[in-house]
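Following: one structure in C-alpha cells, then a few remarks.
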Amino acid sequence: MRGRFAPTPSGLLHLGNAGTALLAWLQIRSRGGQIVMRMEDLDLPRCKPEFAERALADMRWLGLDWDEGPDVGGPYVPYEQSRRGELYDAALDKLAREGHLYRCYCSRADLMSLGNAPHGLHSEGPAYPGTCRRLTEQEREAREAVKPPSWRFAMPEHGVEFVDGIAGPMAFAAGAGGDFVVKRADGIVGYQLAVVVDDAAMGITEVLRGWDLLDSTPRQLMLAEALGVEPPRYAHAPLMRGPDGNRLAKRHGDIAVSSLRESGLKPEAVVGLLGWLYGLLDRPEAVSAKELLPLFDLGRIPQESVTLPEDWLERLER
Ligand code: GLU
C-alpha cells in the first residue's frame with residue numbers, strides 16, 4: 001500500500017487540510033504502508049518555498065511522517081512537481097500522438113461567457129462546450145497565427161464508474177465536466193495531468209484527499225486510461241465547515257495549523273479535535289496521531305461535511 005500527501009504550497013495549512021492529511025496518514029499507517037510527500041508547486045507564481053517548508057513543519061508537528069519526499073529523498077526524486085517537467089512533457093507527447101489532445105484558442109473572456117451555461121465541475125468552472133474541438137484545419141491555422149493555444153484533453157464518449165472508499169459508488173456521465181486543459185498557453189502543466197503522471201510514476205495505490213476533488217476523479221481516471229497506467233483507489237474525505245456552515249476560511253478565526261501551534265496548543269489537542277470531527281472519537285480528547293491508528297476505519301468517516309462547533313477552541317484539551 002502506498003499513499004501520498006500532495007499539498008499545494010500557496011498558503012498555510014489549515015484545520016481542514018490537516019484533517020485530510022491525518023486521515024490519509026491513518027489509512028496507510030494503520031495497514032503498514034508507505035507514504036510519499038509530494039509538493040504540488042506547479043503554479044510557481046502562486047506557490048512559495050516558505051509555505052512548502054511550513055507545510056512540512058506543521059505536518060511533522062501534528063505527528064505525521066512520510067517515507068519519501070523533498071526533505072528525505074527516495075527512489076522517485078524529485079518530489080517537487082516544479083522539477084518533474086520532463087515526465088509531464090513525455091506524457092503530453094504520448095497523448096498528443098495518440099489523438100487525445102487538441103489545441104484550444106478560447107480566451108478567458110470566451111470562457112467567462114460560458115458562465116451562465118449549465119455548470120459542470122465546480123472545481124474548474126463551467127464545462128467546456130468543445131468549441132475548439134470542432135475547428136477545421138483552416139480555422140485552426142488562422143487562430144494559431146494570433147494566439148498561442150492551450151491544450152485540452154478530449155474526454156472519451158463513455159461514462160465512468162468507480163467505488164469511492166468514503167463516498168461509495170460513483171457514476172459520472174460521458175464527458176463529465178467537459179474537455180479540460182492539460183497544458184496552459186503559458187506552458188504551465190495542468191493539475192489533472194501532473195497528478196495522474198505522478199501517482200502512476202510513484203506507485204501510489206491509495207489516494208485519500210478532500211471532497212472538492214471528487215469530481216476531478218473521472219478526469220483522472222480517463223487520463224490514466226489514455227496513458228495506459230493503473231489508477232489508484234480513491235477516497236474523498238468530507239470538507240470542513242466553519243460554525244456558520246460555510247467552507248472553512250480565514251474569517252472563521254485562526255484556523256492555520258501554524259497559528260494554533262504558535263498559540264501554545266499541543267498537537268494532541270488538535271489531533272483529538274480532528275479525530276472527533278471525523279468520527280473516530282466520541283469527544284475531542286487529546287490524543288496523538290499514533291493513538292488513533294487502532295480506531296481508524298474508512299467506514300467511520302462521515303459522508304457529509306463536518307462542521308466546527310462555535311466553541312471549538314474552548315473545547316480543546318490543553
Ligand atoms: N495539490 C492538491 C491540493 O492541494 C491535491 C491534489 C490531490 O490530492 O490529488 O488541493
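The values are calculated or read from the model by the stated rules, or taken from the named source; none is laboratory data. Bear in mind the structure is a predicted one, so any value in this text is a computation, not a measurement. We place every Cβ from the backbone using ideal geometry, glycine too, and count neighbours over all the protein chains shown. We work out accessible area using only protein heavy atoms, side chains counted, and drop any ligands, DNA or RNA first. Shrake-Rupley method; radii C 1.70, N 1.55, O 1.52, S 1.80 Å.
Numerical summary
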{"item": "The lone exception for His158 - which of (1) touching a strand residue (DSSP E or B) at 6+ places or on another chain (Cβ under 7 Å); (2) at pLDDT below 95 it fails", "result": "(1)"}
{"item": "Single condition Ala6 does not satisfy, out of (1) within 14 Å of the ligand (Cβ to nearest atom); (2) of a type outside the set (Phe, Trp, Tyr); (3) surrounded by fewer than 19 Cβ atoms within 10 Å (Cβ to Cβ)", "result": "(3)"}
{"item": "Failed condition for Leu26, given (1) open to solvent by less than 50 Å² (accessible area, probe 1.4 Å); (2) assigned to a loop (DSSP other than H, G, I, E, B); (3) touching a residue at least 40 places away in the same chain (Cβ under 8 Å)", "result": "(2)"}
{"item": "Residue that is in contact with a strand residue (DSSP E or B) (Cβ under 6 Å, 6 or more places away or on another chain), of a type outside the set (A, V, I, L, M) and modelled with pLDDT under 95, where the choices are Gly178, Gly125, Gly115, Gly165", "result": "Gly178"}
{"item": "Helices (runs of 4 or more DSSP H) wholly inside region 133-229 containing at least 1 residues that are of a type in the set (Lys, Arg) and either within 21 Å of the chain's Cα centre (by Cα) or surrounded by fewer than 21 Cβ atoms within 10 Å (Cβ to Cβ) (or both)", "result": "137-144, 217-227"}
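Listed here are the residues, each with its yes/no results for (1) touching a residue at least 40 places away in the same chain (Cβ under 8 Å); (2) buried (at least 20 other Cβ atoms within 10 Å of the Cβ).
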residue: Leu239; (1), (2): yes, no
residue: Asp254; (1), (2): no, no
residue: Ser263; (1), (2): no, no
residue: Val271; (1), (2): yes, yes
residue: Lys290; (1), (2): yes, no
